[in-house]
């Protein structure tokens with residue numbers, strides 16, 4: 001009896017643990033992560049961005065290094081009279097030397113280092129812009145895949161209902177067994193498409209997660225509907241906004257300024273630096289004084305100035321290199337300007353065209369499609385049409401709805417591309433969502 005009670009208690013504990021684990025799983029599944037939250041997570045945890053943020057310290061260190069003055073040089077010298085066979089004589093000196101920068105080289109090096117630091121910081125911002133585009137595109141791919149799962153499930157339900165109707169009509173002797181087999185084949189086909197859609201959705205989800213830099217198990221909030229707002233800004237307005245906001249364009253501006261600063265520095269480095277020195281010398285020597293020698297100690301203070309003569313190297317190579325870098329930055333700047341205009345124009349055109357397509361589906365095609373499907377289903381149930389008409393209408397329903405999902409995907413992707421081309425999140429009044 002005692003063993004039986006213990007067994008019942010153990011079963012109750014296990015049941016409670018199972019219920020708790022199931023409840024926690026359901027709670028985990030209910031947790032939602034929206035696209036803005038995904039963006040925040042990716043910006044904070046993406047491996048490439050974290051690496052770039054660490055590497056900026058290299059350029060910060062270079063700026064600190066550029067502001068340093070050359071270190072002074074300590075010079076020590078000692079000499080005894082062994083070579084003159086007089087060990088009582090010796091000489092000792094201590095001095096300090098300092099390289100003196102000419103032509104304002106320190107300020108010019110700081111200007112170059114400052115532009116390098118600003119340029120690299122802008123490259124990090126541009127890497128964030130490109131990551132956002134990739135993440136948003138991946139998110140909308142996942143939305144498309146998930147909506148296709150819902151569509152496949154609905155199509156499978158319609159096929160299952162059609163099979164039930166066919167079985168009922170066959171049992172009543174109204175149709176041949178061939179119609180039931182066709183309906184059964186269509187139902188099996190719908191189940192296969194549903195599994196394919198679920199696998200594709202899982203793959204898109206993992207692909208999207210790989211950009212965030214963390215492992216997450218949460219489900220994602222996917223908006224199945226959105227309000228279409230017209231794009232109020234013209235293509236020219238968006239181009240102007242892009243020229244104002246694009247971080248890669250700003251980085252090339254910094255690169256151009258760096259090239260100018262490098263040319264100024266290269267010209268300054270044609271003037272050699274001076275090296276000055278100050279030395280304190282103590283000399284002990286013997287002075288003949290009759291039959292004996294007297295010891296005498298003299299102290300000296302010496303000055304030294306050395307100037308390299310720019311006979312052969314007048315920094316011709318450095319000046320040529322600086323000019324070549326500046327010319328390259330100017331060419332890249334002009335090329336990027338043309339590309340930005342093309343990107344904005346193309347993304348804006350795709351957004352406008354896709355919004356018109358979505359509205360066409362929502363206002364005309366989809367309502368009529370749903371009405372046609374209901375009529376065909378009702379007609380088949382009443383025996384007014386054959387099963388092939390029902391199957392064909394269901395296929396048309398799935399195909400047209402898939403075209404609608406593709407149109408939604410094209411619209412959302414075009415908006416993400418336009419935001420990336422402009423270099424800023426577009427407000428709802430400008431045709432986008434915050």
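Bear in mind that the values in this text are calculations on the coordinates, not laboratory data. Here the structure is a predicted model, which means the values were calculated and not measured. Reconstructed Cβ throughout: ideal geometry from the backbone, glycine too, with neighbour counts over all protein chains shown.
Would you calculate the separation in nanometres between label points at residue 161 and residue 331, each defined as 7 Å from the Cα along the Cα-to-beta-carbon direction?
Placing both labels 7 Å beyond Cα along the Cβ direction yields 6.5 nm.
What ranking do 303-316, 361-374 get when scored by the average of other Cβ atoms within 10 Å per residue, highest first?
Details: 303-316: 10.6, 361-374: 13.4.
Packing order, densest peptide first, comes out as 361-374, 303-316.
Name the shape class, rounded, prolate or oblate, that the alpha-carbon gyration tensor gives for the range 83-181, where a ≥ b ≥ c are the square roots of its eigenvalues, rounded holds for a/c under 1.5, and otherwise prolate holds if a/b is larger than b/c and oblate otherwise. Don't skip to the answer; put the middle values down first.
Working: a/c = 13.42, a/b = 4.75, b/c = 2.83.
Here the range 83-181 falls in the prolate category.
Arrange the peptides 151-159, 389-397 so that the one whose residues have, on average, the most other Cβ atoms within 10 Å appears first. List each step's numbers first, then the result.
Numbers: 151-159: 20.0, 389-397: 18.2.
Result, highest mean first: 151-159, 389-397.
Students often check this: by mean Cβ neighbours within 10 Å, which of 376-382, 415-421 ranks highest, and how do the rest follow?
Working: 376-382: 16.0, 415-421: 23.3.
Averaged packing, sorted descending, gives the order 415-421, 376-382.
Determine the gain in length on full extension of the stretch residue 96-residue 188; use 0.36 nm per residue of separation and subtract their C-alpha separation, reporting nm with one decimal.
On the way: separation 92, 0.36 × 92 = 33.12 nm, distance 9.27 nm.
Length gained, residue 96 through residue 188: 23.8 nm.
Pull out the extension gain between residue 73 and residue 321, defined as 0.36 nm times the separation in residues minus the alpha carbon to alpha carbon distance; nm, one decimal.
Working: separation 248, 0.36 × 248 = 89.28 nm, distance 3.13 nm.
Working it through step by step, the gained length comes to 86.2 nm.
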